[in-house]
Structure formats: C-alpha cells, structure tokens
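Enquirer: There's a structure below that I have some questions on.
Quick note: the coordinates plus some simple rules give every number you see, no bench work behind them. Quick caveat, the model's predicted, so the values are computed rather than measured. Here Cβ is always computed from backbone atoms with ideal geometry, including for glycine, and neighbour counts include all displayed protein chains.
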Amino acid sequence: MISSGQTSLTPTQVIRDGRRIIHAILSDGTEQIEEFDAKTEVLLVRKLRKKSVLGKEGPWHYEVGEEPAKEAHAKKFMDEISEAVGAPQVSRRDTLKAFVFRIRNLPYDTSVYNVTTEGSQIVVRTTNKKYFTRLSITDLDRINYKSLQQSSLSIEHQAETLIITYLKPAEILEKERKERDERKKQQQAEATKSAASSSEKVNKINDECKTQ
C-alpha cells in the first residue's frame, strides 16, 4: 500500500515461496517492500527504509510483520542494544478485514488491560500501572483518518500476548480492494509479456533452423 500523497516510481513484483513481493521507490526516495500471501492476498510484511543525507542506506523499519531473528540480533549487536529479557514486544499482523497488533510478554489477566481509542491512536493501559503505550495505525494516518471508533476495537489475551484487533473502515477496505485488482492486472500483464517474449524466441530459433 503506497503512502497517501506519494507515488511509486519503479514498482516491481515477483512471486517467490508463496509470497507476492512488491518493491517500490516512493517519490520521496523511501524504499518500500511489501510481501503478500500469494493465495489470500493478506499483507504479511511491510518494511521501509530511507537514505541518510550522505546517501547511506538506513535500517529497515517494519510497519507490518517482524524482521528475521538473525537480522534483528545483528542489529542489536551492532547498535549495542541490550533489551531487558521479557520486555513487551509490539508487532502488527493484519487480516483482510482488520489491523491486528500483538504485544508479547504481557502476563496479566485480561481484566487488567484498559484499551481505548483516543483520536487517531489506540491507547493501552493496565490497572496495575505496569504498562502503557500508544499505537498508531499508519495506514489510517496516511489517509488522514483521525477518529478511531471504540466499537471497532476488541482485545483478547493468550499465551502472555495481548491481541488488539481494529476493524478496517470502509475507506481502507475499498482502497485495498482496488490495490488487489491492480496487483492482479500487473501480474497478468507481466505474464503476457513473458509469454510473448518466449514465443518470439521460439519463432526465432525455428526460423534459424529453416535457413540451415
């Protein structure tokens, strides 16, 4: 999903290991990679990175999904970051109909959590005052969607993980439907182009054989 107000200058897509991988350079120079399940079209990963003023590539920032364990470990080692063991970890994994946040390493009972919408953010508090955070849904920020609805929010807790689900509004559902259609059209166009190229090569070989 390309940021609102930004265009993709060089979009490309490939199917690999059951994933549709789309690489794009946005108009502000940001590099973006999105990975979708090739069958369900569920977004699995969205990561972005920018270059520094000196032209050096910065680290990947994951909006959806999580960076591979080895990559994460290497980054922590290089930056000399040592997080406390068991510290809460936030990640986002969506479905076709909802944005889904997971906060691991939260052992408290469900009744302890107070999760509310405040403007464009989801706010997580605990009655024992052990944890507090604000979550932003970048997809909604990009379309200037400022008023989250409490009725669209639900939570559950299992295996020391707080799962926060926010139903996608109609604007996002329609936007993503159009984007799925565009991806399919692009894939079909690329397949047709590839088939035509292969046919041209075969015809050329046949013509060469006839002249021998």
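Enquirer: With +1 assigned to the C-beta of every Lys and Arg and -1 to the C-beta of every Asp and Glu, and no other charges, what is the dipole magnitude of the stretch 106-145 about the Cα centre in debye, to the nearest 20?
Expert: Dipole about the Cα centre, nearest 20: 180 debye.
Enquirer: Taking the mean number of other Cβ atoms within 10 Å as a proxy for protection, how do you rank 168-180, 23-35 from highest to lowest?
Expert: 23-35, 168-180
Enquirer: Which entries of LYS56/LYS185; LYS50/LYS130; LYS50/LYS185; LYS129/LYS168; LYS50/LYS97; LYS47/LYS184 have Cα-Cα distances beyond 32 Å here?
Expert: LYS56/LYS185; LYS50/LYS130
Enquirer: Also: Nearest 0.05, what FRET efficiency do LYS129 and GLU190 give at R0 = 45 Å with Cβ-Cβ as r?
Expert: My answer for the efficiency is 0.25.
Enquirer: In whole Hz, with x marking every Gly and Pro, tabulate ³J(HN,Hα) for the stretch 16-29 from phi via Karplus 6.51 cos²θ - 1.76 cosθ + 1.60, θ = phi - 60°.
Expert: 8, 6, x, 10, 8, 10, 10, 10, 9, 10, 7, 4, 8, x
Enquirer: Another question about this same structure. To the nearest 20 debye, what charge dipole does the stretch 83-179 have about its Cα centre, counting +1 at the Cβ of each Lys and Arg and -1 at the Cβ of each Asp and Glu?
Expert: 80
Enquirer: Next question. How long are the semi-axes of the ellipsoid equivalent to the stretch 83-179, from square roots of 5 times the Cα gyration tensor eigenvalues, in whole Å, largest first?
Expert: 25, 14, 12
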